[in-house]
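Single-structure report; data block below.
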Amino acid sequence: MADTKAKGFPEGFLWGASTSAYQVEGAAYEDGKKPSQQDIINKDSYERFGFATAEVASDMYHHFREDVALMKEMGFKAYRFSIAWSRIFPDGTGDPNPKGVQFYHDLIDALKEAGIEPIVTMYHYDLPWALCEKYNGWISRQVIEDFDNYARFLVKEYGSDVKYWTTINEQSIIVQYWTQKCYIPAELQHVGQLRYQINHHMNVAQALANKAVHELVPGGVAGAALGYAPVYPLTSKPEDVMAAQNAQALRNDYYTDIYFKGFYTKAAQIYLEEHGLAPKVEPGDMDIIAANTSDFLALNYYASECAKWCPDDGSKMLRWSGVNRSGKKGDISGFETQPGFYEMCKNPNLDTTDWDWAIDPRGMEYMLRDLYNRYNKPLMITENGLGAYDTLTPDGQVHDDYRIDYLSKHIAAIKRSIDKGVEMWAYCPWSALDLLSTSNGVKKRYGFIYIDRTDDDPKECERIRKDSFYWYQKVIATNGAELSL
Ligand code: BG6
């Protein structure tokens with residue numbers, strides 16, 4: 001008889017956490033690094049909203065040995081981080097910057113010495129600014145060749161120490177929030193089709209990066225890191241259920257089908273074509289994509305989403321996802337609307353964070369089961385976490401029981417998925433340490449390690465262990481068996 005007992009996390013499961021280069025490193029103009037588009041975008045966000053710039057961030061560039069020691073103390077088995085393209089190639093192409101190249105060797109060596117497996121993301125929103133100036137960045141096809149050159153350099157340089165490669169972070173989120181994630185000249189911001197054109201360039205680029213890993217890293221594995229939110233229908237009315245399927249097709253399957261099957265999801269592509277939003281595909285592009293599919297999928301899961309039917313009778317206009325800048329519940333500036341396909345909406349059954357992100361551990365289980373059933377490929381969680389205001393007490397502590405509650409429920413959801421047969425490699429929540437949020441400065445915190453700074457004042461960026469630090473230490477030590485405080 002088959003063993004039906006719950007098994008939980010396998011031996012060798014990669015417990016860890018994640019960050020991205022521009023959100024933690026700082027040293028934005030040091031040791032030969034030149035600006036990335038995020039240095040420019042975040043400078044603008046500081047001027048407009050008062051959110052911190054990326055100039056110092058969490059100052060990890062200068063604190064990385066201390067940070068790796070703290071990760072070791074928590075018991076990390078893995079650390080997912082990204083490499084800043086403009087630290088390696090300050091102008092995007094040309095000669096590599098020796099000090100930048102050395103920085104990541106030093107970081108990887110420190111991790112290896114601490115027994116921590118590096119999971120490296122090649123690209124996390126921070127295109128070298130020089131390429132924006134030269135040809136408008138991801139809008140131009142030239143970026144495909146330049147990314148391929150950069151990816152090949154990375155795998156040749158670090159491939160002997162790095163087995164796990166995630167190529168491009170969150171294409172789905174880049175499509176939705178493109179001006180936060182990419183520099184888009186003001187005069188082009190009304191051209192919705194360019195969102196999907198950028199995404200297409202990324203699809204070809206990330207397929208070439210998979211190819212580079214497969215060719216150059218013995219035993220190496222590659223796949224994208226995707227921002228993924230499963231979509232529920234608002235009601236059981238057939239038209240709402242259909243809308244949820246449409247939203248699932250355009251917001252999720254449109255990416256996962258490319259990564260694993262090598263083609264664009266038909267219903268989504270037809271909708272885009274009918275609405276003048278479809279990307280221009282050059283001969284040979286789809287062959288490259290189909291020949292270089294992914295080994296696994298890295299998932300960034302924060303929330304589920306909800307959709308309802310949206311008529312195409314002129315009563316609703318095309319609209320992209322809104323954002324909550326204030327951190328006051330309910331301040332979200334709107335929901336994505338694709339007339340004739342779906343309209344996103346709030347799920348009345350779920351509580352949200354202060355930034356209006358639905359809290360839904362069951363959604364994570366739903367996502368993992370669904371993706372594994374459909375593609376049968378190993379999965380990792382490379383982001384999951386609660387953005388919250390944390391308070392540093394006068395005696396230097398951070399009591400973030402709300403974060404522990406959030407994370408423990410999500411870990412329990414992963415465990416249930418594993419018990420139902422899903423192959424999971426890693427859990428790397430967001431984030432190892434507090435960092436610069438992509439949309440809300442540094443006051444919205446995610447880390448196990450508190451960074452003592454404000455949006456206006458980077459201070460010394462002192463590192464302070466939160467309550468969740470000690471809790472996660474216990475979770476890892478028991479291989480996920482002990483989830484309570
Ligand atoms: C993911 C990104 O979308 O969400 C991260 O990969 C980001 O870079 C995280 O920080 C949380 O979003 P935010 O806007 O709260 O920083």
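All of the numbers you see were taken from the coordinates with simple rules; none came from a lab. Please read these numbers as outputs of a predicted model, since none were measured by experiment. In this analysis, Cβ positions are derived from the backbone assuming ideal geometry, glycine residues included, and neighbour counts consider all displayed protein chains.
Please specify each residue of region 179-194 satisfying the condition of being in a helix (DSSP H, G or I) and either surrounded by fewer than 20 Cβ atoms within 10 Å (Cβ to Cβ) or away from the ligand (no atom under 16 Å from the Cβ) (or both).
T179, Q180, A186, E187, L188, Q193, L194 - these are the residues of region 179-194 that are in a helix (DSSP H, G or I) and either surrounded by fewer than 20 Cβ atoms within 10 Å (Cβ to Cβ) or away from the ligand (no atom under 16 Å from the Cβ) (or both).
Checking Y406 against (1) within 22 Å of S437 (Cα to Cα); (2) in a loop (DSSP other than H, G, I, E, B), which test does it fail?
(2)
Give region 199-232 a look and list any residue that's in a helix (DSSP H, G or I), within 16 Å of the ligand (Cβ to nearest atom) and either buried (at least 23 other Cβ atoms within 10 Å of the Cβ) or free of Cβ contacts under 8 Å to residues at least 12 places away in the same chain (or both), or say none.
Hits for region 199-232 are M202, Q206.
Any residue at all in region 233-251 that's within 15 Å of Q338 (Cα to Cα), within 16 Å of the ligand (Cβ to nearest atom), buried (at least 21 other Cβ atoms within 10 Å of the Cβ) and not β-branched (V, I, T)?
So far as region 233-251 goes, yes, one or more of its residues are within 15 Å of Q338 (Cα to Cα), within 16 Å of the ligand (Cβ to nearest atom), buried (at least 21 other Cβ atoms within 10 Å of the Cβ) and not β-branched (V, I, T).
So G262 passes all but one of these: (1) surrounded by fewer than 22 Cβ atoms within 10 Å (Cβ to Cβ); (2) closer than 30 Å to L107 by Cβ; (3) touching a helix residue (DSSP H, G or I) at 6+ places or on another chain (Cβ under 6 Å). Which condition number does it fail?
Going through the list (1) surrounded by fewer than 22 Cβ atoms within 10 Å (Cβ to Cβ); (2) closer than 30 Å to L107 by Cβ; (3) touching a helix residue (DSSP H, G or I) at 6+ places or on another chain (Cβ under 6 Å), G262 breaks only (2).
What number of residues within region 440-465 satisfy the criterion of being more than 14 Å from V24 (Cα to Cα), more than 23 Å from the chain's Cα centre (by Cα) and surrounded by 14 or more Cβ atoms within 10 Å (Cβ to Cβ)?
Of the residues in that region, 2 qualify.
What number goes with the only condition from (1) within 17 Å of Y183 (Cβ to Cβ); (2) part of a helix (DSSP H, G or I) that D67 does not pass?
It fails just one condition, (1).
Looking at S333, S326, S315, which is the one that is more than 16 Å from the ligand (Cβ to nearest atom), surrounded by fewer than 18 Cβ atoms within 10 Å (Cβ to Cβ) and more than 20 Å from the chain's Cα centre (by Cα)?
S315
Checking the conditions here, which among L111, L131, L127 is of a type outside the set (D, E, K, R), away from the ligand (no atom under 16 Å from the Cβ) and either closer than 19 Å to Q23 by Cβ or in contact with a Cys (Cβ under 8 Å, 6 or more places away or on another chain) (or both)?
After applying the criteria, what remains is L111.
So, of the residues in region 233-279 that are in a loop (DSSP other than H, G, I, E, B) and within 25 Å of the chain's Cα centre (by Cα), which turns out to be farthest from T167 (Cα to Cα)?
Of everything passing the filter in region 233-279, L277 is farthest from T167 (Cα to Cα).
Out of region 408-437, which residues are among the hydroxyl-bearing types (S, T, Y) and within 14 Å of the ligand (Cβ to nearest atom)?
S431, S437
For region 438-485, what are the residues that are of a type in the set (G, A, S), within 16 Å of the ligand (Cβ to nearest atom) and either assigned to a helix (DSSP H, G or I) or farther than 19 Å from L70 by Cα (or both)?
Within region 438-485, S439, G441 qualify.
Can you tell me which residues in region 391-405 are surrounded by fewer than 21 Cβ atoms within 10 Å (Cβ to Cβ) and in contact (Cβ under 8 Å) with a residue 12 or more places away in the chain?
L392, G396, Q397, H399, D401, Y402
Kindly indicate whether V24 is crowded, with 24+ Cβ neighbours inside 10 Å and of a type in the set (A, V, I, L, M, F, W, C).
Yes, satisfied.
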